[in-house]
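Only the coordinates and a few stated rules stand behind these numbers; no lab work does. Here the structure is a predicted model, which is why all the values come from computation and not from measurement. Counting neighbours? That spans all protein chains shown, and the Cβs are built from the backbone with ideal geometry, glycine included.
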Amino acid sequence: MQITLMKSKIHRVKVTQAELNYVGSITIDEDLMDAAGLIENEQVHIVNNNNGERFVTYVIKGERASGMICLNGAAARRVQIGDIIIIIAYGSMSQEEAKTFKPMVVFPDHNNQLV
């Protein structure tokens, strides 16, 4: 049996942009992606701490060391610039694998930079 667990999380980053006229997704600073073990086009769940919205989208690489967190397309309607969000990716694994699996959790500073 496969179960689903949190694979990685970027905890409490600030939305820096919201681009409604875009195909869709979330653009994330590539440094944050690497630290959390996220790859381009990976599905992520977004939790908005400011308004309680929860939604699913996919990752696009943003400029390295930019601190960029940009919601694109329809997702742009779910946030305001300055909102604090959590980005979570999940993975499937066996129960045996899950017993020893350790997710990658990133806690950026208030400028979305690694500490």
Notebook entry, point to check: Is there a residue being more than 20 Å from ILE3 (Cα to Cα), surrounded by fewer than 16 Cβ atoms within 10 Å (Cβ to Cβ) and either of a type in the set (Ser, Thr, Tyr) or touching a Pro at 6+ places or on another chain (Cβ under 8 Å) (or both) anywhere in region 33-44?
Noted result: no
Checklist line | Qualifying strands (runs of 3 or more DSSP E) (wholly inside region 47-104; at least 2 residues being in contact (Cβ under 8 Å) with a residue 40 or more places away in the chain) | finding: 69-72, 84-94
Next item on the list: For residues that are of a type in the set (Ser, Thr, Tyr) and outside any loop (DSSP other than H, G, I, E, B), scanning just region 1-38, find the one that is farthest from GLY67 (Cα to Cα).
Entry: THR4
